Amino acid sequence: MQRVSSKHLAEILLDSTDKLDEAMLKKTVKEFALYLKSKKMLRQIPQIMENYRKLYDKKHSIVEAQVWSQDRMNENTKSHLRESLKQRYKVKEAHILEFLDQRLIAGFKIKIGDEVYDGSVKAKLESLRQALIG
Amino acid sequence: MNTRNLVIENLKKEIANFKKTSSVQKVGVVTEVFDGIVRVSGLSDIKSSEMVTFPNGVTGVALNLEEDFVGIIVLGEYNNIKEGDEVKATGKILEVGVGEALIGRVVNALALPIDGAGAIKSSAMYPVERVASGVITRQGVDQPVQTGIKAIDALVPIGRGQRELIIGDRQTGKTAIAIDAILNQKGQNMKCVYVAIGQKDSKLRKIETRLREGGAMEYTTIVSAGASDPSALAYIAPYTGVAIAEYFMDKGEDVLIIYDDLSKHAVAYREISLLLRRPPGREAYPGDVFYLHSRLLERACRKNKDYGGGSITALPIIETQAGDISAYIPTNVISITDGQIFLETDLFYKGIRPAINVGFSVSRVGGTCQIKAMKKVAGTLKLDLAQFRELEAFSQFGSDLDEATKATIERGRRAVELLKQPQYSPVVVEHQVVALYALVKGYLDDIAVTKISEFETGLIEYAENNAKTFMKQVREKRIWEDDGEAEIKTAIADFKKMFV
């Protein structure tokens, strides 16, 4: 049997759960999980979830950014960040997931999908170190 | 201004000059680590054979680009890499530092020093994988590589830009031939690169010492991926070696590169391929194992004058199992190269060393790259030996042989004796010509077989002093003239009287 790719399964899940009320949605997801179990494809769940997230965001024009900072961001900064993300990725909505990381010293590190913008002082010091020893 | 302020000023300037790198980077996350292979999710825009870096500074190369993940081989220590580590793409195809500074050094598969003699300041970065030079840039092979081994220079001559395979069982002297060839390149305008793949470090050390003693490290670089290094390094070592060689070729120089040996290289690649779950084929080698070696050996070439006129001569080595040259890897490499030097265990134990089987060894470029004098003496020698082999097998059954047959056999015995040569003692081409001239003109027919080598040494010494015109003509014009020939004839006759 040809292996069904996790991307394909994620597409199916996305299509079949589109515009359902909550009860129907629960039922569909359960059936999907049972199908995966019967086909012994539960191992692929992480990839399916990852792909589903990507496809859903793409379909609904959402971008999700993980942001690390040394301290909590204020609302002003956040909305500013949201606006620039919307412009850069040409999407309607931008979500921010906040994380705290004391090691950054100052500045932000932003991750969108597999792209990373590292504007932290820690990264700048690191590049300085590289340039001086290299 | 005092030194203190000068240092501070310069440091300030340096720091002000830093390029503010736009710090957008592609990253992935390690999901699986096993046996030097790392699976990474993310890294969506990565190129094939792009370099990546791990948190501990180790480099990796992306080999398998699949739908949900990227398969990466780790070039170095992989025990510290764990699940969840961030992997950064560099955007660069794997490249190594090359340049004059590598000469005389021992480096690993990433061209980094392992001889403890300090950092290497490379002149350029060269990609490890590069498409071989095209047809337009090439020309035919017509310059000889003098290996200093009589049997090779006379019977299977190698030209600059040729690819000649050295094949044989274990312990038949394959490496010895390669090392002798390197030793003989002194003063021949040749750079050498010796690539050791999966060799024991003790053997490598021995080779390095030997080359250093012979003064050969002045023009040689050793690239080593040892037996204890991960197979990923063994896999890229020959490509690194040829990248180092290409730097010199691009500058118009001639390079001799030795791959010791490609059977271990194929095994390393098989290991990587199987771990990356690529489908196995014959002898469990992956489907592209032919391409693995053909793209490597195709990078050996002779460039024409418009493109600098440099060359890379490749001497790949293949180890066979119990003389089986029809196994998968040997047949592949035989068909890729322009000829092979076939070494045999039987000959080795009979005392015929180098143990070259003259019948099975060929050079498909051949005579065009021999000097004229050598061509003249070696032409008849090949025929003599072929007849000798046929008659020798036949004569074992009977004792009554006619005079002509006996003469051929006697001549053949002397030829075999003359082609014997101890290790690490290359013979320059004009001396080879003198010895072979004496043989093919029949001067050795009445010398006892056991005395041949003694006679040869004596004759060469005598000729150096008493046949100077002949020697000069061969050395400079590459062929003797009538006066030179007359001189060598009298010299040989005179020496024979003294010798007997």
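Given R₀ = 35 Å, what would the calculated FRET efficiency be for A:Lys78 paired with B:Arg277, taking r from the Cβ atoms and rounding to 0.05? Let's see the in-between values first.
Numbers: r = 44 Å, r/R0 = 1.26.
Plugging the Cβ-Cβ distance into 1/(1 + (r/R0)^6) gives 0.20.
Full-extension gain between A:Ser61 and A:Phe32, please, as 0.36 nm times their residue separation minus the C-alpha to C-alpha distance.
Residue separation times 0.36 nm, minus the Cα-Cα distance, leaves 8.0 nm.
Remark: spin-label model distance A:Glu126-B:Arg130 equals 3.2 nm, labels positioned 7 Å along the Cα→Cβ axis.
On a per residue basis, chain A carries 72 Å² of accessible surface, using protein heavy atoms and a 1.4 Å probe. Of all the options A:Ser38, A:Ser61, A:Ser84, the one that moves most in a Gaussian network model of chain A with Cα springs shorter than 10 angstrom is A:Ser38. Is the C-alpha gyration tensor of region B:404-500 telling us rounded, prolate or oblate? Criteria: a/c under 1.5 is rounded; beyond that, a/b larger than b/c is prolate, otherwise oblate. Prolate, since a/c reaches 1.5 and a/b exceeds b/c.
Which entries of B:Lys121/B:Lys200; A:Lys7/A:Lys86; B:Lys174/B:Lys203; A:Lys30/A:Lys54; B:Lys200/B:Lys264; B:Lys382/B:Lys489 show an alpha-carbon separation above 18 angstrom in the structure shown? Could the numbers behind the result be given before it?
Values: B:Lys121/B:Lys200 28 Å; A:Lys7/A:Lys86 25 Å; B:Lys174/B:Lys203 13 Å; A:Lys30/A:Lys54 21 Å; B:Lys200/B:Lys264 12 Å; B:Lys382/B:Lys489 22 Å.
Too far apart for the 18 Å limit: B:Lys121/B:Lys200; A:Lys7/A:Lys86; A:Lys30/A:Lys54; B:Lys382/B:Lys489.
Ratio of Rg to Rh for the protein assembly as shown, alpha carbon only, Kirkwood? Each step should come with its number before you reach the end.
Details: Rg = 33.0 Å, Rh = 29.3 Å.
Radius of gyration relative to Kirkwood radius: 1.13.
Summed for both chains, how many Å² of accessible area, to the nearest 100, are buried between A and B with a 1.4 Å probe? Can you show the working numbers first?
Values: alone 10250 and 23340 Å², together 32310 Å².
Protein heavy atoms only, the A-B interface buries about 1300 Å².
Seen against the Cα atoms of chain B and their longest principal axis, helix B:231-250 is set at about 70 degrees.
I need the calculated FRET efficiency for the pair B:Glu86 and A:Glu11, taking r as the beta carbon distance and R₀ as 22 Å, to the nearest 0.05.
0.20
What translational diffusion coefficient, to the nearest whole µm²/s, does region B:73-132 have by Stokes-Einstein, given a Kirkwood radius computed over alpha-carbon pairs, a temperature of 25 °C and 0.890 mPa s viscosity?
On the way: Rh = 13.8 Å.
Once the numbers are plugged in, D ends up at 178 µm²/s.
Pulled fully out, how much extra length does the chain show between B:Glu32 and B:Glu410, if you take 0.36 nm times their separation in residues and subtract their Cα-Cα distance?
Numbers: separation 378, 0.36 × 378 = 136.08 nm, distance 6.85 nm.
Stretched fully, the B:Glu32-B:Glu410 segment lengthens by 129.2 nm.
If you build the Cα gyration tensor of region B:326-378 and take the root of 5 times each eigenvalue, what three semi-axes come out, in whole angstrom, biggest first? Don't skip to the end; give the middle numbers.
Numbers: eigenvalues 105, 74, 7 Å².
Each semi-axis is √(5λ); the values are 23, 19, 6 Å.
Taking a ≥ b ≥ c as the square roots of the eigenvalues of the alpha-carbon gyration tensor, chain A is classed prolate because a/c is 1.5 or more and a/b outweighs b/c.
Leaving ligands, DNA and RNA out of it, report the carbon-plus-sulfur percent of the accessible area of region A:61-133 at a 1.4 Å probe.
On the way: 2470 of 4720 Å².
Whole-percent figure for carbon plus sulfur exposure: 52.
What percentage of the solvent-accessible surface of chain B, computed with a 1.4 Å probe over protein heavy atoms, is contributed by carbon and sulfur atoms?
Numbers: 11740 of 22690 Å².
Percent of accessible area from carbon and sulfur atoms in chain B: 52.
Under Stokes-Einstein, with the Kirkwood radius over Cα pairs as Rh, the value for region A:61-133 at 25 °C and 0.890 mPa s is 188 µm²/s.
In the protein assembly as shown, the calculated helix contribution to ellipticity at 222 nm averages -13000 deg cm²/dmol per residue, counting -39,500 (n - 2.57) for every DSSP H run with n ≥ 4.
For region B:377-382, the Karplus equation 6.51 cos²θ - 1.76 cosθ + 1.60, evaluated at θ = phi - 60°, returns couplings of 7, 7, x, 6, 4, 4 Hz by residue, with Gly and Pro reported as x. Measuring between their Cα centroids, region A:78-134 and region B:454-500 lie 81 Å from each other.
Estimate the FRET efficiency between B:Asn10 and A:Gln102 by the formula 1/(1 + (r/R0)^6), using the beta-carbon distance for r and 45 Å for R0, to the nearest 0.05.
0.85
Once you keep just the Cα pairs under 8 angstrom separated by 6 or more residues, what percentage relative contact order results for region B:318-365? Don't skip to the end; give the middle numbers.
Details: 41 pairs, mean separation 15.6, N = 48.
Reported relative contact order: 33 percent.
Looking at this model, which pairs from B:Lys150/B:Lys305; A:Lys90/B:Lys88; A:Lys78/B:Lys92 are more than 28 angstrom apart at the alpha-carbon? Table pairs above 28 Å Cα-Cα are B:Lys150/B:Lys305; A:Lys78/B:Lys92. Going by a 1.4 Å probe on protein heavy atoms, which residues of region A:104-124 end up with at least 10 Å² less accessible surface in the whole assembly than in their chain alone? Going by heavy-atom accessible area, the residues of region A:104-124 that drop by at least 10 Å² are A:Lys109, A:Lys111, A:Asp114, A:Glu115, A:Val116, A:Tyr117, A:Asp118.
Using only the Cα atoms of chain B, construct the convex hull and provide its projected area averaged over every direction, in square nanometres to one decimal.
Values: hull surface 123.9 nm².
Averaged projected area of chain B's Cα convex hull equals 31.0 nm².
Mind jotting down a quarter of the surface of the convex hull over the alpha carbons of region B:158-234, in square nanometres, one decimal?
Values: hull surface 23.0 nm².
So the mean shadow area of the Cα hull is 5.8 nm².
Compute the Cα gyration tensor for region B:1-157, then decide on rounded, prolate or oblate, letting a ≥ b ≥ c be the square roots of its eigenvalues: rounded whenever a/c is under 1.5, prolate when a/b is larger than b/c in the other cases, and oblate in all that remain.
Values: a/c = 2.09, a/b = 1.24, b/c = 1.69.
Oblate shape, in that a/c is at least 1.5 and b/c is the bigger or equal ratio.
Rounding to the nearest 20 debye, state how big the charge dipole of region A:6-58 is about its Cα centre with +1 on each Lys and Arg Cβ and -1 on each Asp and Glu Cβ.
On the way: 12 positive and 8 negative charges, 67 e Å.
With Lys and Arg at +1 and Asp and Glu at -1, about 320 debye.
Other residues within the sphere of radius under 15 Å centred on the Cβ of B:Asp324, judged by their own Cβ, net out at -3 (K and R +1, D and E -1).
Protein heavy-atom accessible surface, 1.4 Å probe, per residue over chain B: 45 Å². Protection proxy ranking, highest mean first, for peptides B:145-153, B:163-171: B:145-153, B:163-171, where packing is the per-residue count of other beta-carbon atoms within 10 Å, averaged.
Annotation: amide H-H contacts under 5 Å for B:Ile166 (H modelled 1.01 Å from N, sequence separation of 5 or more, or interchain): B:Ile317, B:Ile318, B:Ile341. Dipole of region B:363-500 computed with +1 at Lys/Arg Cβ and -1 at Asp/Glu Cβ about the Cα centre; of B:Phe499, B:Ala393, B:Leu383, farthest Cα towards the positive end is B:Leu383.
The values are calculated or read from the model by the stated rules, or taken from the named source; none is laboratory data. Since this is a predicted model, take the numbers as computed values, not measurements. Quick reminder, even Gly has a Cβ in these numbers, built from the backbone with ideal geometry, and neighbours come from all protein chains shown. Areas reflect the complete protein model, heavy atoms only, side chains present, ligands, DNA and RNA absent. Shrake-Rupley method; radii C 1.70, N 1.55, O 1.52, S 1.80 Å.
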